[in-house]
Each structure stands twice: as C-alpha cells, then as structure tokens.
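Note sheet for the following structure.
The values are calculated or read from the model by the stated rules, or taken from the named source; none is laboratory data. Predicted model only: the values in this text are computed from it and were never measured. Cβ placement follows ideal geometry from the backbone for every residue including glycine, while neighbour counts extend to all protein chains displayed.
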Amino acid sequence: MQGGSDMANTYTQVYVQIVFAVKHRQHLIHKSWKDELYKYICGIINGKAQRVYAIGGVEDHIHILVSLKPDMSISELVREIKACSSKWVNEKGFALGKFQWQGGFGAFSYQGDALENLIRYINNQEQHHQKNKFKDEYIALMQQYNIDYNEKYLFVFMDE
C-alpha cells in the first residue's frame with residue numbers, strides 16, 4: 001500500500017457566492033478604501049488555498065465568488081475573512097468607530113456555465129444597487145435557492 005494524502009485522488013469544482021453585510025448594515029465601506037479591502041480579503045482567501053473569481057459590493061455589504069476545495073468549509077472561510085478583515089479595517093482606522101461584520105452570511109452554489117453572468121453581476125454591484133435594495137436582492141436569492149428562512153433572523157435591515 002502506498003502512502004499519501006487522502007485527498008490525492010479527490011477532484012472537485014465547487015463555486016460559491018458568499019454574501020455578508022456590515023453590522024446593522026451601516027454604510028461604512030467607503031469608495032476611498034474599498035479596493036484595498038477587497039485586495040486584503042482576496043489575500044485571506046488565497047492564503048487559505050482557495051480561489052477568488054470576483055469580489056464586489058457597496059457601502060453595506062459584499063459578494064465574493066470563490067471556488068472551494070474539499071478540505072475547506074464555507075463557515076471556516078467566512079469566519080476567517082470576517083475576523084481578519086474587520087481587524088484590518090479597524091487597525092487602518094478606515095471607519096469611524098468600530099467596524100464589524102454582521103453575524104451570519106448567505107452562500108449560494110453555481111455551475112460553471114453561470115459564472116460569466118455572476119462575475120458581471122458581482123462586478124456591477126454599484127450600478128445594481130442604484131435601483132435595487134439589498135434586502136430585496138438577498139430575499140430573491142433565498143427564494144431562488146428554495147432556502148427556508150425567517151425574516152426575523154435575516155440581516156438587521158436599517159431601512160425598516
């Protein structure tokens with residue numbers, strides 16, 4: 001019997017769109033530093049040996065399209081992204097007061113043939129949200145994926 005990794009003969013391609021918001025959906029992600037934040041988050045993901053295909057968002061939330069290897073859980077990756085990036089934003093002093101991500105996240109899987117449209121959608125978040133509210137967008141994703149949810153436990157929406 002040859003030695004080796006249990007993963008040596010494992011082949012996967014799992015594409016996931018991850019969506020999460022700033023705590024209380026405050027509009028804290030400013031245009032002057034959001035590109036730096038996105039680069040930092042990409043570094044976190046790449047450091048975990050996962051691949052980023054797109055990252056985008058607006059002042060109160062972000063979308064990240066990644067492919068995940070089988071040894072990485074979505075929850076572990078999101079926990080790492082949130083912890084490291086919020087610490088980084090606070091150390092840089094970018095946000096007035098304490099910057100935090102809201103608890104929870106959405107994660108939605110995609111097939112390879114849907115990636116081109118999804119990447120375009122993520123890259124055009126600013127234009128998209130000029131006419132569409134985040135709450136409507138998020139609930140539409142939940143419904144599209146037939147995810148049971150209770151609005152009481154969705155992100156706290158400031159505009160209510």
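Selection of the range 87-116 for residues being of a type in the set (A, V, I, L, M, F, W, C), closer than 15 Å to I44 by Cβ and at pLDDT 95 or above yields W88, V89, W101.
Of all residues in the range 24-40, those that are of a type outside the set (S, T, Y) and surrounded by fewer than 17 Cβ atoms within 10 Å (Cβ to Cβ) total 8.
Could you tell me whether the range 24-33 includes any residue that is closer than 16 Å to F105 by Cα and assigned to a helix (DSSP H, G or I)? Yes, the range 24-33 has at least one match.
Restricting attention to the range 41-97, the residues that are assigned to a loop (DSSP other than H, G, I, E, B), of a type in the set (S, T, Y) and surrounded by 18 or more Cβ atoms within 10 Å (Cβ to Cβ) total 0.
Of all residues in the range 34-52, those satisfying the criterion of being in contact (Cβ under 8 Å) with a residue 12 or more places away in the chain and closer than 19 Å to H129 by Cα are K34, Y38. Being touching a Leu at 6+ places or on another chain (Cβ under 9 Å) and not aliphatic (A, V, I, L, M) is a property that holds for E59.
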